[in-house]
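Only one structure is covered here, and it is reproduced in the block below.
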Amino acid sequence: MAIQAHRCGAEVSLWTRREAHAQTMLESGLNQSYLPGVSLPSDLKITSDVAAALGPAPDLIVLASPMAGLRALAQTLAKRPDLDAVPRVWLSKGIEPQTLLLPEQVLREVQPAARLGALLGPSFALEVGRGLPAALTIASADEALRDRVTQVFHGAALRVYGSTDMTGAQLGGALKNVIAIATGVSDGLALGLNARAALMTRGLAEIARLGAAMGADPRTFMGLTGMGDLVLTCTGELSRNRRVGLELAAGHSLEQILARLGHVAEGVACVEAAVALGRKFNVDLPIVQVVAQLLAQAITPREALELLVTRAPTKEK
């Protein structure tokens, strides 16, 4: 996304928490660990010093950490009261396991008055880095923030749409990762395209049910942060969560899979929290629950799919 903002004419500073990583990117012009083969702009500012990255007066802060690091980043920003009025958006997709909070709620706990937005949607980082077409949603109640984010990122093959439904956008981004693990298992067991389509469709129904219970706009789940993100993550070869399901179906342990993956698979990190949210809001989430049992090694991949197939018939809703 730093590359994309630079393409659109913004002056960008990129922060990484590891000094060696920053130095390697500066010397090679590549972020080989995460964006192999994608050249970084030569004038992109790269640093491991948070103060240097933020500078004296940024007009937008983008938090691009995994969900597990979001609270710590927010706490770092809170130490700079001169930045309190600077709008900030996040790219994180998940649920904080200990608190069951969505990213917005985590940030509000740290800085209640912050101007916040969620920049989400179907977008593999590698493809965005390469400049391939994509579309995202900036979800925020703050119209000026939505306009600024659109100005920064919209262009050069990337479209940015506005929304006011942060709850729906965040739930879609978090739970599609769990559904992608299930579709990966199904594909790994060679159960066919019909099974994949059924899992995706019923998975979207689960996400929408929970979203409605939490006050989201049902229409959100038909858009980029709902169906769009779900389709990409459940079918794309670059999907880490789908890869987890494929590897589980092949008989590998979760520990082996995560060690080989080398990146965060947010569906693994948030599945128990998703189950807990379902209980809290009295919403039935059968696919999410089965994935949780599978990741806890309480059932095998084939038993997981059998549990879903043999459920009692019900109305489609």
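The values are calculated or read from the model by the stated rules, or taken from the named source; none is laboratory data. Since we're looking at a predicted model, the values are computed, not measured. When we count neighbours, we look across all protein chains shown, and the Cβ atoms used for this are built from the backbone with ideal geometry, even at glycine. Keep in mind that these areas ignore ligands, DNA and RNA; they rest on the heavy atoms of the full protein, side chains included. Shrake-Rupley method; radii C 1.70, N 1.55, O 1.52, S 1.80 Å.
Tabulated data for the structure shown
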| item | result |
| --- | --- |
| Length-normalised contact order of the range 252-311 in % [C-alpha pairs under 8 Å, at least 6 apart] | 25 percent |
| Relative contact order computed over the range 1-132 (Cα-Cα under 8 Å; 6+ residues apart), in percent | 23 percent |
| Accessible area of residue 283 in the full protein assembly, 1.4 Å probe (Å², nearest 10) | 20 Å² |
| Normalised contact order of the range 189-317, rounded percent, pairs of Cα under 8 Å and 6 or more residues apart | 23 percent |
| Equivalent ellipsoid semi-axes, the range 92-154, via Cα gyration tensor eigenvalues times 5, rooted, Å | 24, 17, 8 |
| Full-extension gain in nm, residue 19 to residue 151, via 0.36 nm per residue minus C-alpha separation | 44.5 nm |
| Set of lysines near residue 317 by C-alpha distance (under 26 Å), chain-local residues within fewer than 8 positions excluded | 93, 176, 280 |
| Solvent exposure, largest accessible area first (probe 1.4 Å, DNA, RNA and ligands not counted), of 1, 222, 166 | 222, 1, 166 |
| Normalised alpha carbon radius of gyration of the range 174-244 [divisor 2.2 N^0.38 Å] | 1.07 |
| The range 79-154 - accessible surface per residue (Å², probe 1.4 Å) | 42 Å² |
| Cβ-based charge dipole, the chain, positive-most Cα from 90, 221, 121 | 221 |
| For the range 53-61, Karplus couplings with θ = phi - 60° (6.51, -1.76, 1.60), whole Hz, Gly/Pro x | 5, 6, x, x, 7, x, 9, 7, 10 |
| With all protein chains modelled, accessible area of residue 19 [1.4 Å, Å²] | 140 Å² |
| Alpha-carbon spread of the range 126-236, three principal axes, descending order, Å | 47, 38, 15 |
| 1.4 Å probe accessible area per residue over the range 278-317, in Å² | 69 Å² |
| Convex hull volume of the range 215-315 per residue (C-alpha atoms, cubic angstrom) | 130 Å³ |
| With at most 16 neighbouring Cβ atoms within 10 Å, loop chymotrypsin sites (Phe, Trp or Tyr not before Pro) (DSSP) excluded, longest segment of the chain | 35-280 |
| Accessible-area value, residue 119, 1.4 Å probe, nucleic acids and ligands omitted, Å² | 10 Å² |
| Extension gain (nm, one decimal) between residue 231 and residue 159, 0.36 nm per residue minus Cα-Cα | 24.1 nm |
| Rounded tilt (10° steps) of 286-295 against the dominant C-alpha axis of the chain | 80 degrees |
| Residue-by-residue Karplus 3J(HN,Hα) for the range 79-88, coefficients 6.51, -1.76, 1.60, Hz, glycine and proline x | 6, 10, x, 5, 9, 4, 8, 6, x, 9 |
| In Hz, Karplus ³J(HN,Hα) per residue of the range 197-208 (6.51, -1.76, 1.60; θ = phi - 60°; x = Gly, Pro) | 4, 5, 5, 5, 5, 6, x, 5, 4, 5, 4, 5 |
| Fraction of accessible area attributable to carbon and sulfur, the range 57-103 (%, probe 1.4 Å) | 61 percent |
| Solution diffusion estimate, µm²/s, Stokes-Einstein, the range 191-231, Kirkwood Rh from C-alpha pairs, 37 °C, viscosity 0.692 mPa s | 311 µm²/s |
| Percent carbon-and-sulfur accessible area, the range 195-245, ignoring ligands, DNA and RNA, probe 1.4 Å | 63 percent |
| Angle in degrees between helix 143-153 and the longest Cα principal axis of the chain, rounded to the nearest 10 | 80 degrees |
| Ellipsoid equivalent to the range 161-295 - semi-axes via the Cα gyration tensor, in Å | 24, 15, 14 |
| The range 1-139: Cα Rg divided by the 2.2 N^0.38 Å rule of thumb | 1.05 |
